[in-house]
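Here's the structure, in structure tokens; my notes come after.
Derivation of every value follows stated rules applied to the coordinates shown; laboratory data play no part. The structure presented is a predicted model; accordingly, all values stated were derived computationally and were not measured. Counting neighbours? That spans all protein chains shown, and the Cβs are built from the backbone with ideal geometry, glycine included.
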Amino acid sequence: MTEPTPGRGYRLSDAERDEALLHLRTALQEGRLDLDEHERRSETALHAITDTDLRPLFDDLPRALWPASMVDGPTAENAPVPSKSPAPPAERDDDHDEVDRKNPGRNVGALMGWGGFLLLVWGVPTFIGGDITSIAVFLGVFCLIVIGPLVGQIAYNRRHGKRGGPREIDEG
């Protein structure tokens, strides 16, 4: 990788923009910027494309408030390098209360809430009306939308040795 050209900056990452906004917020809290100036500089920082776009926003502020990329200056060592792929999500550990990010499964609580809503709004009036065709249609749709995914998630959890919900209580 070659070093950035001295007159040209490198493209900013979202994290670097966020850091610049944090430092501008600190300058506002310390009374170094008034509200209008903070708003103007924050808007400019949000739309900054390269690190050289940020420099004028911090020139009149102490170096302690400068973002790290401005203090060190862009070099091949500290210029951000895009990662090829994001870090893999954490797997579920049965000893700890963590979620399996690769396959979080269906939200059983949401399925039950949706099922209750369908039952209340569509099912009860259908059963009260007593029309066999309407009842059959309701039960078919209810099974497809709620019961099927709910049973599938429960079966998946049993097959993969997952117990309980978000909080498991050790017995004994």
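Averaging 1/r across all pairs of distinct Cα atoms in the range 14-72 and inverting the result yields a Kirkwood radius of 11.1 Å. Under 5 Å from the amide H of Thr50 lie the amide H atoms of Leu12, each residue being 5 or more positions distant or on a separate chain, with H modelled from the backbone and absent for Pro and chain starts.
Judged by the mean number of other Cβ atoms found within 10 Å, the most tightly packed of the peptides 135-144, 13-22 leads the ranking 13-22, 135-144.
With R₀ fixed at 22 Å, the C-beta to C-beta distance from Val151 to Phe127 puts the FRET efficiency at about 0.50.
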